[in-house]
1. State to the nearest 20 debye the size of the charge dipole of the chain about its Cα centre, where the only charges are +1 on K and R beta carbons and -1 on D and E beta carbons.
2. For the stretch 123-131, in order, what is each residue's ³J(HN,Hα) by Karplus, 6.51 cos²θ - 1.76 cosθ + 1.60 with θ = phi - 60°, in whole Hz (x at glycine and Pro)?
3. Restricting the calculation to Cα positions, tell me the Rg (one decimal) and the Dmax (whole number) of the chain in Å.
4. Share of the stretch 55-104's accessible area from carbon and sulfur, percent, 1.4 Å?
5. Please compute the Kirkwood hydrodynamic radius over the stretch 41-113, one decimal place, Å, based on all pairs of different Cα atoms.
6. Give the span of the stretch 9-57's Cα atoms along each principal axis, as three whole-Å numbers ordered largest to smallest.
7. For the chain, what is the accessible area per residue in Å² when the probe is 1.4 Å?
8. Which FRET efficiency value, to the nearest 0.05, is calculated for Glu110 and Leu8 with the Förster distance at 35 angstrom and r the Cβ-Cβ distance?
Amino acid sequence: MQKLIFFLKKFSFYFLVIFAGTYLQVYWAMGYLSDKLSSSCLDCSFALDTLFVSLFSAVFFSLFFMLISRIKNLYLKLILEFLLLSFWWFFIDYSDFVERESSWSTYLFEEEIHATLNQGFFPILIMSVIVIFIFNYKFFINKNEAN
């Protein structure tokens with residue numbers, strides 16, 4: 001029973017951090033598209049789409065990050081966490097851009113990638129660092145106390 005409670009606490013922690021991080025990152029990077037229509041669903045709002053993708057991300061990636069948390073090599077763990085978050089958030093930003101902007105126009109693939117990178121680079125970078133710090137704050141606090 002205690003293992004289940006420990007698992008649920010850890011899962012809830014990861015879930016909440018990933019959910020909040022994803023929602024904030026998507027709104028920060030692609031919020032300027034919030035008033036534009038989605039090409040796949042004319043009645044869907046940007047806020048609702050972001051909510052659903054954040055919930056999906058939180059459930060799915062919580063399990064991944066729980067597995068990654070078992071890795072003993074801190075540098076490998078930090079790199080894996082950063083790459084997973086960055087690539088996933090870039091994919092979400094790219095999907096939002098294609099759905100709400102480029103599908104209504106004549107963008108080339110390279111232009112879509114460039115526009116997404118232009119809008120999402122700093123939000124992805126900053127939110128990734130914040131989320132990874134929150135996941136690993138115990139290590140960073142213990143390391144600072146040892147010095």
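The values are calculated or read from the model by the stated rules, or taken from the named source; none is laboratory data. Given the structure is predicted, the values throughout are model-derived calculations rather than measurements. In this analysis, Cβ positions are derived from the backbone assuming ideal geometry, glycine residues included, and neighbour counts consider all displayed protein chains. For the accessible areas, the whole protein counts, side chains as well, though only heavy atoms, and no ligand, DNA or RNA atoms are used. Shrake-Rupley method; radii C 1.70, N 1.55, O 1.52, S 1.80 Å.
1. On the way: 10 positive and 12 negative charges, 248 e Å.
Result for the chain is approximately 1200 debye, rounded to the nearest 20.
2. Along the stretch 123-131, the couplings run x, 5, 4, 5, 5, 4, 4, 5, 5 Hz.
3. Cα radius of gyration and Dmax of the chain are 17.2, 57 Å respectively.
4. Working: 2120 of 2730 Å².
The nonpolar share, carbon plus sulfur, comes to 78 percent.
5. Working: mean 1/r = 0.0701 Å⁻¹.
This gives a value of 14.3 Å.
6. Computed over the Cα atoms, the extents are 38, 19, 10 Å.
7. Values: 9240 Å² over 147 residues.
So the chain comes to 63 Å² accessible per residue, rounded to a whole number.
8. Between Glu110 and Leu8 the formula returns 0.20.
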